[in-house]
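Some notes on the structure that comes next.
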Amino acid sequence: MAETAKKISMIPAKVQYDRNVKLSEKKMKVAAYCRVSTELEEQDSSYEAQVEYYTSKISENENWKNAGIYADDGKSGTNTKKRADFNAMIQDALAGKIDMILAKSVSRFARNTVDTLNFTRELRSLGIPVIFEEQNINSIHPESEFLITLHGAFAQAESESTSSRVRWGK
């Protein structure tokens, strides 16, 4: 019986990094998303505090490079269509300009469960985590989806309840 030659396919090794690239060029491109829902004067300090906090946090980490502080002032979290900076951040992430996104909480990111899940899933598929600091959630881990769903649902319900009370008051 004649032996047939085994067919072997050569798979080249995946390059992890180039030693010729300077360390400063290897820094993770980190962006932050900030939002306040109204343009009331008392929320101005919250908006400014969020921007200042993330600017400092990113610049203090020597392994991070500031990829932008995206901030929507006076925008509702229930709809992402009208949030210019949020949409710009997502487009920049999809274009490879962002490696990681920081957000204060799930409710600052979005108050719509479907939007929250769709965006975090899309970003995760590209290897881009969203870190929700208040809840200590890193969206890159598939098991985080349950917590994101839970917090997103609470944020959406809270927003709907507030909206209902305001309409009732008017």
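Since every read-out is calculated from the coordinates, none of them should be taken as a lab result. Please read these numbers as outputs of a predicted model, since none were measured by experiment. Here Cβ is always computed from backbone atoms with ideal geometry, including for glycine, and neighbour counts include all displayed protein chains.
For segment 48-123, averaging the sequence separation of C-alpha pairs within contact (under 8 Å, six or more residues apart) and dividing by the residue count gives a relative contact order of 26 percent. Expected output is a single nm value to one decimal: the length gained when fully extending between Glu122 and Leu150, i.e. 0.36 nm times separation in residues minus the C-alpha distance. What is it? Between Glu122 and Leu150, full extension yields an extra 8.2 nm. With 20 Å as the limit, write out which pairs from Lys57/Lys104; Lys27/Lys97; Lys57/Lys81; Lys27/Lys104; Lys26/Lys57; Lys29/Lys57 have Cα-Cα distances beyond it, or answer none. Lys57/Lys81; Lys27/Lys104, as the Cα separations exceed 20 Å there.
Placing a label point 7 Å from the Cα of Lys81 along the Cα-to-Cβ direction, the residues of segment 99-120 whose backbone N falls under 14 Å from that point are 115.
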